[in-house]
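*Asks:* Please see the structure below; I have some questions.
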Amino acid sequence: MEYNSPLGKAKAQGLIARLQLPPASNVLEVGCGNGKFLHRVLAAYDVHVVGVDVDNVLIEQAYNYALTHFESSRFEFINKEIKALELPLNHFDLIICNGATHAYGEGSNALFCALSETYHLLKPNGKLLLGECYWKQPPKKGYLDILGVTEDIYHSHHDNIKEARKVGFTALYATTSSDEDWDNFEWGRVMHTQTLLEESPNNEALKSKAQQLDSWIDTYLESGRDTLGYGFYLFKK
(Lines give C-alpha, C1' and ligand atoms only; values in the text may rest on other atoms or scores of the structure.)
Protein backbone atom coordinates (compact mmCIF):
# COMPACT_ATOMS: atom_id res chain seq x y z
CA MET A 1 0.00 0.00 0.00
CA GLU A 2 3.06 2.23 0.33
CA TYR A 3 2.92 3.19 -3.36
CA ASN A 4 -0.89 3.13 -3.74
CA SER A 5 -0.53 0.14 -6.04
CA PRO A 6 0.19 -3.59 -5.60
CA LEU A 7 3.94 -2.96 -5.46
CA GLY A 8 5.89 -4.57 -2.64
CA LYS A 9 9.10 -3.10 -1.23
CA ALA A 10 11.32 -5.85 -2.65
CA LYS A 11 9.89 -5.47 -6.15
CA ALA A 12 10.19 -1.68 -5.89
CA GLN A 13 13.87 -1.98 -5.01
CA GLY A 14 14.38 -4.35 -7.92
CA LEU A 15 12.77 -1.92 -10.34
CA ILE A 16 14.85 0.97 -9.04
CA ALA A 17 18.04 -1.06 -9.46
CA ARG A 18 17.14 -1.74 -13.11
CA LEU A 19 16.84 1.98 -13.89
CA GLN A 20 20.64 2.39 -14.03
CA LEU A 21 20.45 6.18 -14.00
CA PRO A 22 23.64 8.16 -14.66
CA PRO A 23 24.54 11.08 -12.36
CA ALA A 24 22.62 14.34 -12.88
CA SER A 25 19.70 12.59 -14.58
CA ASN A 26 16.37 14.41 -14.71
CA VAL A 27 13.45 12.36 -13.40
CA LEU A 28 9.72 13.10 -13.60
CA GLU A 29 6.96 11.19 -11.83
CA VAL A 30 3.38 11.70 -12.97
CA GLY A 31 0.94 11.13 -10.11
CA CYS A 32 3.69 10.86 -7.51
CA GLY A 33 1.31 10.78 -4.53
CA ASN A 34 3.22 11.02 -1.25
CA GLY A 35 6.51 10.70 -3.13
CA LYS A 36 7.63 7.39 -1.60
CA PHE A 37 8.94 5.97 -4.87
CA LEU A 38 10.74 9.19 -5.82
CA HIS A 39 12.31 9.32 -2.37
CA ARG A 40 13.78 5.87 -2.97
CA VAL A 41 15.07 6.97 -6.38
CA LEU A 42 16.70 10.00 -4.74
CA ALA A 43 18.33 7.73 -2.17
CA ALA A 44 19.65 5.36 -4.85
CA TYR A 45 20.91 7.82 -7.48
CA ASP A 46 22.46 11.28 -7.78
CA VAL A 47 19.53 12.74 -9.72
CA HIS A 48 17.10 15.64 -9.79
CA VAL A 49 13.42 14.71 -9.48
CA VAL A 50 10.13 16.43 -10.21
CA GLY A 51 6.96 14.98 -8.71
CA VAL A 52 3.52 16.07 -9.93
CA ASP A 53 0.18 15.28 -8.31
CA VAL A 54 -3.26 16.90 -8.00
CA ASP A 55 -3.60 16.01 -4.30
CA ASN A 56 -2.22 18.91 -2.27
CA VAL A 57 -2.05 16.89 0.97
CA LEU A 58 0.06 14.16 -0.63
CA ILE A 59 2.31 16.67 -2.37
CA GLU A 60 2.94 18.39 0.96
CA GLN A 61 3.86 15.05 2.52
CA ALA A 62 6.22 14.30 -0.36
CA TYR A 63 7.90 17.69 -0.07
CA ASN A 64 8.24 17.65 3.72
CA TYR A 65 9.88 14.23 3.74
CA ALA A 66 12.29 15.19 0.97
CA LEU A 67 13.15 18.43 2.74
CA THR A 68 14.40 16.56 5.80
CA HIS A 69 16.31 13.85 3.91
CA PHE A 70 17.78 15.40 0.74
CA GLU A 71 19.29 18.65 -0.50
CA SER A 72 16.51 20.98 -1.61
CA SER A 73 18.19 21.54 -4.98
CA ARG A 74 17.56 17.89 -5.89
CA PHE A 75 13.76 17.86 -5.87
CA GLU A 76 10.62 19.73 -6.80
CA PHE A 77 7.02 18.76 -6.04
CA ILE A 78 4.21 20.41 -7.99
CA ASN A 79 0.51 20.41 -7.07
CA LYS A 80 -1.06 20.59 -10.54
CA GLU A 81 -2.49 18.45 -13.29
CA ILE A 82 0.27 17.18 -15.55
CA LYS A 83 -1.52 18.53 -18.64
CA ALA A 84 -1.49 22.03 -17.12
CA LEU A 85 2.31 22.11 -17.11
CA GLU A 86 4.53 23.22 -19.99
CA LEU A 87 7.33 20.71 -19.66
CA PRO A 88 10.40 20.75 -21.91
CA LEU A 89 10.56 18.23 -24.74
CA ASN A 90 13.43 15.73 -24.97
CA HIS A 91 14.45 16.65 -21.43
CA PHE A 92 13.92 13.77 -19.01
CA ASP A 93 16.13 10.73 -18.56
CA LEU A 94 13.35 8.88 -16.75
CA ILE A 95 9.60 9.30 -16.44
CA ILE A 96 7.63 7.27 -13.90
CA CYS A 97 3.90 6.77 -14.42
CA ASN A 98 2.58 4.24 -11.91
CA GLY A 99 -1.18 3.91 -12.10
CA ALA A 100 -1.52 7.42 -13.47
CA THR A 101 -2.24 7.05 -17.20
CA HIS A 102 -5.67 8.59 -16.48
CA ALA A 103 -3.84 11.90 -16.01
CA TYR A 104 -3.41 12.01 -19.79
CA GLY A 105 -6.79 10.77 -20.97
CA GLU A 106 -9.94 8.86 -20.16
CA GLY A 107 -11.08 5.30 -20.76
CA SER A 108 -9.48 3.26 -23.50
CA ASN A 109 -7.43 6.24 -24.76
CA ALA A 110 -5.58 6.82 -21.49
CA LEU A 111 -2.70 4.39 -22.05
CA PHE A 112 -1.94 5.46 -25.62
CA CYS A 113 -2.13 9.16 -24.69
CA ALA A 114 0.20 8.64 -21.73
CA LEU A 115 2.70 6.72 -23.84
CA SER A 116 2.64 9.34 -26.59
CA GLU A 117 3.04 12.32 -24.25
CA THR A 118 5.83 10.81 -22.18
CA TYR A 119 7.69 9.69 -25.31
CA HIS A 120 8.08 13.30 -26.45
CA LEU A 121 9.27 14.46 -23.01
CA LEU A 122 12.07 11.89 -22.86
CA LYS A 123 15.58 12.37 -24.14
CA PRO A 124 16.80 9.93 -26.79
CA ASN A 125 17.41 6.63 -24.93
CA GLY A 126 15.41 8.00 -22.00
CA LYS A 127 13.32 5.49 -20.06
CA LEU A 128 9.69 5.18 -19.03
CA LEU A 129 8.76 3.12 -15.98
CA LEU A 130 5.07 2.37 -16.36
CA GLY A 131 2.73 0.72 -13.87
CA GLU A 132 -0.56 -0.28 -15.49
CA CYS A 133 -3.46 -2.68 -15.00
CA TYR A 134 -4.15 -5.51 -17.42
CA TRP A 135 -6.71 -8.29 -17.78
CA LYS A 136 -5.55 -11.72 -16.66
CA GLN A 137 -8.65 -13.13 -18.33
CA PRO A 138 -11.72 -11.65 -20.03
CA PRO A 139 -13.71 -9.84 -17.31
CA LYS A 140 -17.29 -10.84 -16.59
CA LYS A 141 -20.02 -8.27 -17.15
CA GLY A 142 -20.96 -8.19 -13.47
CA TYR A 143 -17.39 -7.31 -12.51
CA LEU A 144 -17.23 -4.56 -15.15
CA ASP A 145 -20.51 -3.16 -13.88
CA ILE A 146 -19.15 -2.94 -10.35
CA LEU A 147 -16.00 -1.21 -11.59
CA GLY A 148 -18.10 1.08 -13.76
CA VAL A 149 -15.90 0.51 -16.83
CA THR A 150 -15.95 -1.25 -20.18
CA GLU A 151 -13.60 -4.06 -21.13
CA ASP A 152 -11.55 -1.89 -23.49
CA ILE A 153 -10.28 0.28 -20.63
CA TYR A 154 -7.43 -2.23 -20.14
CA HIS A 155 -5.43 -4.55 -22.37
CA SER A 156 -3.63 -7.82 -21.79
CA HIS A 157 -0.14 -7.82 -20.28
CA HIS A 158 1.39 -8.46 -23.71
CA ASP A 159 -0.80 -5.85 -25.40
CA ASN A 160 0.42 -3.17 -22.97
CA ILE A 161 3.88 -3.77 -24.39
CA LYS A 162 2.56 -3.74 -27.95
CA GLU A 163 0.91 -0.36 -27.34
CA ALA A 164 4.24 1.09 -26.23
CA ARG A 165 5.98 -0.29 -29.31
CA LYS A 166 3.39 1.43 -31.53
CA VAL A 167 4.52 4.77 -30.11
CA GLY A 168 8.18 3.97 -30.71
CA PHE A 169 9.34 2.55 -27.39
CA THR A 170 11.61 -0.47 -27.01
CA ALA A 171 10.65 -2.84 -24.20
CA LEU A 172 13.53 -3.48 -21.77
CA TYR A 173 11.82 -5.35 -18.95
CA ALA A 174 8.40 -6.32 -17.63
CA THR A 175 7.09 -7.98 -14.48
CA THR A 176 3.75 -8.33 -12.73
CA SER A 177 2.34 -8.07 -9.23
CA SER A 178 1.95 -11.43 -7.50
CA ASP A 179 -1.19 -12.63 -5.73
CA GLU A 180 0.60 -11.82 -2.47
CA ASP A 181 1.30 -8.26 -3.68
CA TRP A 182 -2.38 -7.84 -4.48
CA ASP A 183 -3.48 -9.34 -1.15
CA ASN A 184 -1.15 -7.04 0.76
CA PHE A 185 -2.50 -4.06 -1.17
CA GLU A 186 -6.21 -4.82 -0.85
CA TRP A 187 -6.20 -6.16 2.70
CA GLY A 188 -3.75 -3.45 3.75
CA ARG A 189 -6.43 -0.86 3.08
CA VAL A 190 -8.87 -2.82 5.23
CA MET A 191 -6.42 -3.14 8.12
CA HIS A 192 -5.47 0.53 7.94
CA THR A 193 -9.11 1.62 8.06
CA GLN A 194 -9.88 -0.73 10.94
CA THR A 195 -6.92 0.64 12.90
CA LEU A 196 -8.22 4.18 12.41
CA LEU A 197 -11.70 3.04 13.42
CA GLU A 198 -10.36 1.57 16.67
CA GLU A 199 -8.85 4.95 17.45
CA SER A 200 -12.05 6.83 16.49
CA PRO A 201 -14.94 4.37 16.95
CA ASN A 202 -17.62 7.04 16.54
CA ASN A 203 -16.30 8.41 13.26
CA GLU A 204 -19.19 7.95 10.83
CA ALA A 205 -17.02 8.53 7.76
CA LEU A 206 -14.67 5.73 8.82
CA LYS A 207 -17.61 3.43 9.54
CA SER A 208 -18.95 4.07 6.05
CA LYS A 209 -15.52 3.50 4.50
CA ALA A 210 -15.13 0.21 6.38
CA GLN A 211 -18.48 -1.00 5.03
CA GLN A 212 -17.51 0.00 1.50
CA LEU A 213 -14.22 -1.86 1.84
CA ASP A 214 -16.03 -4.99 3.04
CA SER A 215 -18.11 -4.90 -0.13
CA TRP A 216 -15.02 -4.22 -2.25
CA ILE A 217 -13.11 -7.13 -0.69
CA ASP A 218 -16.00 -9.43 -1.59
CA THR A 219 -15.71 -8.25 -5.20
CA TYR A 220 -11.93 -8.68 -5.12
CA LEU A 221 -12.18 -12.26 -3.85
CA GLU A 222 -15.05 -13.24 -6.14
CA SER A 223 -13.69 -11.69 -9.35
CA GLY A 224 -10.84 -9.21 -9.12
CA ARG A 225 -8.11 -11.47 -7.77
CA ASP A 226 -8.35 -13.80 -10.77
CA THR A 227 -9.22 -11.18 -13.38
CA LEU A 228 -7.30 -7.94 -12.87
CA GLY A 229 -3.51 -7.89 -13.01
CA TYR A 230 -0.94 -5.17 -12.59
CA GLY A 231 2.21 -4.89 -14.67
CA PHE A 232 5.41 -2.89 -14.41
CA TYR A 233 7.13 -2.04 -17.67
CA LEU A 234 10.48 -0.46 -18.41
CA PHE A 235 10.64 1.08 -21.88
CA LYS A 236 13.38 2.96 -23.73
CA LYS A 237 12.84 5.75 -26.24
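*Asks:* Give segment 54-94 a look and list any residue that's outside any helix (DSSP H, G or I), free of Cβ contacts under 8 Å to residues at least 12 places away in the same chain and either over 21 Å from Ile16 (Cβ atoms) or of a type outside the set (Asp, Glu) (or both), or say none.
*Replies:* Glu86
*Asks:* Failed condition for Asn202, given (1) over 30 Å from Asn90 (Cα atoms); (2) touching a helix residue (DSSP H, G or I) at 6+ places or on another chain (Cβ under 8 Å); (3) not β-branched (Val, Ile, Thr), with all others met?
*Replies:* (2)
*Asks:* Let me ask something else. Residues in segment 171-185 that are out of contact with any His (no Cβ under 8 Å at 6 or more places or on another chain) and of a type in the set (Val, Ile, Thr): how many?
*Replies:* Qualifying residue count for the region: 1.
*Asks:* Then there is this: Please state which of the following conditions Leu111 fails to meet, knowing it meets all the rest: (1) closer than 16 Å to Lys236 by Cβ; (2) among the aliphatic types (A, V, I, L, M); (3) surrounded by 16 or more Cβ atoms within 10 Å (Cβ to Cβ).
*Replies:* Every condition holds for Leu111 apart from (1).
*Asks:* Taking Leu197 as meeting all but one of (1) of a type outside the set (Phe, Trp, Tyr); (2) assigned to a helix (DSSP H, G or I); (3) under 24 Å from the mean Cα position of the chain (by Cα), write down the number of the exception.
*Replies:* That leaves (3) as the condition not met.
*Asks:* Search segment 28-50 for residues that are within 12 Å of Glu71 (Cα to Cα) and free of Cβ contacts under 8 Å to residues at least 60 places away in the same chain and pair each with any residue that is surrounded by fewer than 24 Cβ atoms within 10 Å (Cβ to Cβ) and among the basic types (Lys, Arg) when their beta-carbon atoms are under 6 Å apart and the residues are at least 6 apart or on different chains.
*Replies:* His48/Arg74
*Asks:* For residues that are modelled with pLDDT under 95, out of contact with any helix residue (DSSP H, G or I) (no Cβ under 6 Å at 6 or more places or on another chain) and not charged (D, E, K, R), tally how many sit in segment 102-141.
*Replies:* Here the count works out to 1.
The values are calculated or read from the model by the stated rules, or taken from the named source; none is laboratory data. This is a predicted model, so every value here is computed, not measured. No Cβ is skipped: glycine too gets one built from the backbone with ideal geometry, and neighbour counts run over all protein chains shown.
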